[in-house]
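All remarks here apply to the structure that follows.
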């Protein structure tokens, strides 16, 4: 398939939220929101990283900001528009609606762990994706709870028999907490790789161990693979741990466990953002849905495949997956709740 003219950095982007609206401010830029819900969300994450003293300090300052910024209804934005808007269609900044027929559709999910399998959430995601005509699923990791061969085998047997093609990445639970990359490689396969589909290129990066981040050998491979596919219409990039950005309401991102995770993640974004055909970034790790921007490219966190949810429903804490529709004139990302 030859590169589609005009498809690249100018791609049309749209986030359609099934049911209730996604988290407040999804895909919106330059909007500062202070809510009591965001305070609660920050406290949860900081407690998870055992920084309780910091949590108390943060709560004091954020509550003060909420009380003295004139937000009588608990929410204030720089534009004076209240969030959230129920039953909303949230569109990324600068996007317009496309009505063209998709060339193909693929799906992305993350963080099913064993809870998603035993509860049936992961199976519902698979069934829904198949019914929506997905060509394949990319799973961004934490497919097990402890990285043991036994749990990885449960996932492998389920996905192999699902009738849906899976491309899987390791998460921190799959290569740590008693698990090893050797066990993952033995049961699942390579920890990082790329593939082509319908003329587009898909790069799956292993950043599951935040202490080491993306090592030099993998980064060299990434840069070479990225450059070799610069003429394709689209390139999509996937990893488990979200690359840090100040807009994220969580410290559960690259660099949480050390500087190498942050440094290598920033380099990946810098190198990818140089190419116009890099379309979107996709991550898991945070058990919620969130949309933000990295290097001027749309980025999505999809951690709702069945592991315990981190946040309230209004802040993206719900089970879901993403449907990605690749069209002649752009890429739409649809959030599907299950």
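The values are calculated or read from the model by the stated rules, or taken from the named source; none is laboratory data. Bear in mind that the values here come from a model prediction, so they are computed numbers and not experimental data. Cβ sites come from the backbone with ideal geometry, for glycine too, and all protein chains shown count toward neighbours.
Just one of the listed residues (258, 295, 265, 306) is buried (at least 21 other Cβ atoms within 10 Å of the Cβ) and modelled with pLDDT under 95, namely 265. Scanning the range 165-189 for residues that are within 20 Å of the chain's Cα centre (by Cα) and at pLDDT 95 or above, we see that the one that is surrounded by the most Cβ atoms within 10 Å (Cβ to Cβ) is 170.
Looking only at residues of the range 319-338 that are part of a loop (DSSP other than H, G, I, E, B) and in contact with a strand residue (DSSP E or B) (Cβ under 7 Å, 6 or more places away or on another chain), we find that the one that is surrounded by the most Cβ atoms within 10 Å (Cβ to Cβ) is 319. Scanning the range 129-144 for residues that are part of a loop (DSSP other than H, G, I, E, B) and within 10 Å of residue 171 (Cα to Cα) gives 140, 141, 142, 143, 144.
Exactly one residue out of 147, 116 is buried (at least 20 other Cβ atoms within 10 Å of the Cβ), at pLDDT below 95 and touching a helix residue (DSSP H, G or I) at 6+ places or on another chain (Cβ under 7 Å): that is 147.
Can you tell which of 243, 237 is assigned to a strand (DSSP E or B), in contact with a strand residue (DSSP E or B) (Cβ under 6 Å, 6 or more places away or on another chain) and free of Cβ contacts under 8 Å to residues at least 60 places away in the same chain? Spell out how you get there, then give the answer.
On the way: 243 fails: assigned to a strand (DSSP E or B).
After ruling out the rest, the residue left standing is 237.
Any residue at all in the range 121-140 that is surrounded by 15 or more Cβ atoms within 10 Å (Cβ to Cβ), out of contact with any strand residue (DSSP E or B) (no Cβ under 7 Å at 6 or more places or on another chain) and within 24 Å of residue 101 (Cα to Cα)? Yes, the range 121-140 contains a residue that is surrounded by 15 or more Cβ atoms within 10 Å (Cβ to Cβ), out of contact with any strand residue (DSSP E or B) (no Cβ under 7 Å at 6 or more places or on another chain) and within 24 Å of residue 101 (Cα to Cα).
Out of the residues in the range 213-229 that are in contact with a helix residue (DSSP H, G or I) (Cβ under 9 Å, 6 or more places away or on another chain) and outside any helix (DSSP H, G or I), state the one that is nearest to residue 268 (Cα to Cα). That would be 214.
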